[in-house]
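The values are calculated or read from the model by the stated rules, or taken from the named source; none is laboratory data. Here the structure is a predicted model, which is why all the values come from computation and not from measurement. Cβ placement follows ideal geometry from the backbone for every residue including glycine, while neighbour counts extend to all protein chains displayed.
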Amino acid sequence: MNITSLRTFIAIVETGSLVRASQKLHVTQSTVTARLKTLEEALGQILLNRQKSGITLTPAGTKLLRYARIMTGLWRQAQYETALPAGLSSVCTFGCDRELWHGPGRAFFDGVVSGHPDMAVSVLQGSGRDLENWLASGQVDVILTYDAILRGNQTIHPLPPEELVLYSDRPDAAIDGDPLYVFVDHGEEYRRQHGEAYHDAGIARISFDSSWWALQFLLDRGGSAYLPRALADTYVQSGALHVLNGPVFLRKKNLIVNDTAAANWNWFDALVNTISAAGKAASP
């Protein structure tokens, strides 16, 4: 068994076929087939059911998939750390939800880069589920996410909640019933709170699942939308956007760290405290 075979197995599962896996890995289909066969022979188990409609995991394949991700993640981390350039002694791999880079994500990154010139920093963007899987498999050391699902050998550090504020390009825009209102999906809890506050508002014509895209739409075309204060306040200061007196919603956010990695980071708790203090100070 080797890392290449495990990576090939993961590629087959993620793409759904041997053909697409070969395209993703830039190798021939026969090579993919041979690697899978080698892996199955080493384990003495059939890992995949191959059908015309695609592949499905066998019970053995399902069990292996979790370990394959962990093993390839750890190997990737080992390669990265042992190949550090001269003058660097350690590495921090940071996974960040795309919505949280503006504010705490950037603050964490800047704190590590500025405060620890001997540390290499790698940043990965992903969804909440991606981040959880990456942290569990060892692909990243710490994540910034809205979710707070705790697994073994991890610690959750809650940060001040994100404030979702109603902004518009027009200071006199209607708070309720604006025909130019843009709905931004900030998650399940937000959808519930928004629905209660605006139960008779109808359905918005335009919606986004990205605050950044919604912000660009408002700046380009006008309208109103709920956006994170950390993202939009710069545009309020420049006069491009205005705060409307609508309900303010809160969304929890968390730094979750691998305890093994954090055991060597005597600076981590202080940086978390600094980011938390900055978040509290930014709230009106």
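State whether the residues of the stretch 253-272 include one that is under 30 Å from residue 132 (Cα atoms), in the same structural domain as residue 129 (by TED's automatic domain parsing), without any contact (Cβ under 8 Å) to a residue 60 or more places away in the chain and more than 24 Å from the chain's Cα centre (by Cα). There is at least one residue in the stretch 253-272 that is under 30 Å from residue 132 (Cα atoms), in the same structural domain as residue 129 (by TED's automatic domain parsing), without any contact (Cβ under 8 Å) to a residue 60 or more places away in the chain and more than 24 Å from the chain's Cα centre (by Cα). Only residues that are in a loop (DSSP other than H, G, I, E, B), modelled with pLDDT of 90 or more and surrounded by fewer than 17 Cβ atoms within 10 Å (Cβ to Cβ) were counted in the stretch 191-212, giving 3. What single numbered condition from (1) under 18 Å from residue 262 (Cα atoms); (2) touching a residue at least 12 places away in the same chain (Cβ under 8 Å); (3) more than 16 Å from the chain's Cα centre (by Cα) fails to hold for residue 110? It fails just one condition, (2). Here residue 115 clears all of (1) buried (at least 16 other Cβ atoms within 10 Å of the Cβ); (2) over 13 Å from the mean Cα position of the chain (by Cα); (3) touching a residue at least 40 places away in the same chain (Cβ under 8 Å); (4) more than 16 Å from residue 74 (Cα to Cα) except the condition numbered (1).
Condition check ((1) modelled with pLDDT of 90 or more; (2) assigned by TED's automatic domain parsing to the domain that holds residue 138; (3) part of a helix (DSSP H, G or I)) across all residues:
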{"residue": "34", "(1), (2), (3)": "yes, no, yes"}
{"residue": "39", "(1), (2), (3)": "yes, no, yes"}
{"residue": "55", "(1), (2), (3)": "no, no, no"}
{"residue": "67", "(1), (2), (3)": "no, no, yes"}
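The residues on offer are 149, 206, and the sole one that is over 17 Å from residue 250 (Cα atoms), without any contact (Cβ under 8 Å) to a residue 24 or more places away in the chain and not polar (S, T, N, Q) is 149.
For residue 245, the requirement of being free of Cβ contacts under 8 Å to residues at least 12 places away in the same chain, surrounded by fewer than 12 Cβ atoms within 10 Å (Cβ to Cβ), out of contact with any Cys (no Cβ under 8 Å at 6 or more places or on another chain) and not small (Gly, Ala, Ser) is not met.
State which residue is farthest from residue 184 (Cα to Cα) when the search covers only the stretch 213-240 and only residues that are touching a Phe, Trp or Tyr at 6+ places or on another chain (Cβ under 6 Å) and part of a helix (DSSP H, G or I). Filtering first and then ranking leaves 232.
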